[in-house]
């Protein structure tokens, strides 16, 4: 089964994507399921699970926890019964939650924890090599299509150092165009939320890159290409 393990919807504060549209887009790329990992919350999981009645894809729910040392995808067997991070540690608007405190607690509550984009320099407090010290992880996100190659390669090195499996997800947040470029291949059927957690605690899954790699242009290259296209399209009138 191909599952996008890292997607967002309008249930994340900084995202406007309709989850129905995300599912339709994922289905068009041949995916079998989508895990919605909203930022710092699972509030709204009932709304997401209700979409299962009209979607051919399997729907899963997790959360993307932002800490002082990186971001982490956390999956519970029963998301509706798992406490919200703000209930455990209060608001993180003034001070980021402590990874040293949060991760062991979530693990003790039964979560499968995946280090997400650990070497992402655009995140204010990336995990970097801190991720290599963690004993609570089930996997590492080793392919995120929104990151540069070096960041993904560093994550792959970290997974190998920890002897953990790698996963992949689109991290779709800003546009539906971001859906369909990454997924995780599970070698056993994953039909329920409990199945997903059990699978992630195992090792029978692999990261998958879908579609073509984005072309990173050099400064000015796009303008040069545009000028060439305009020149070709210039119409010559017959006198």
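The values are calculated or read from the model by the stated rules, or taken from the named source; none is laboratory data. Fair warning: this is a prediction, and the values are worked out from it, not measured in the lab. Neighbour counts are summed over all protein chains in view; Cβ atoms, including those assigned to glycine, are modelled from backbone coordinates with ideal geometry.
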Among (1) within 16 Å of the chain's Cα centre (by Cα); (2) closer than 22 Å to residue 184 by Cα, the one test that residue 21 misses: (1)
Scope segment 117-131; condition in contact with a strand residue (DSSP E or B) (Cβ under 7 Å, 6 or more places away or on another chain) and not in a loop (DSSP other than H, G, I, E, B); matching residues: 130, 131
Subset of segment 132-169 (residues that are in a helix (DSSP H, G or I), out of contact with any helix residue (DSSP H, G or I) (no Cβ under 7 Å at 6 or more places or on another chain) and either under 18 Å from residue 209 (Cβ atoms) or touching a residue at least 24 places away in the same chain (Cβ under 8 Å) (or both)): 149, 150, 151, 152, 153, 154, 155, 156, 157, 159, 160
Single residue of segment 118-131 satisfying the filter (touching a helix residue (DSSP H, G or I) at 6+ places or on another chain (Cβ under 7 Å) and either touching a residue at least 60 places away in the same chain (Cβ under 8 Å) or within 23 Å of residue 76 (Cα to Cα) (or both)) that is surrounded by the most Cβ atoms within 10 Å (Cβ to Cβ): 118
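To keep it simple, each residue is scored yes or no on (1) in a helix (DSSP H, G or I); (2) surrounded by fewer than 17 Cβ atoms within 10 Å (Cβ to Cβ).
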residue	(1), (2)
35	no, no
43	no, yes
49	yes, yes
62	no, no
73	no, no
86	yes, yes
93	no, yes
103	yes, no
115	no, no
Tabulated pairs, segment 71-94, first at positive phi and modelled with pLDDT under 95, second loosely packed, with under 13 Cβ neighbours inside 10 Å and assigned to a loop (DSSP other than H, G, I, E, B), C-beta under 8 angstrom, 6+ apart or interchain: none
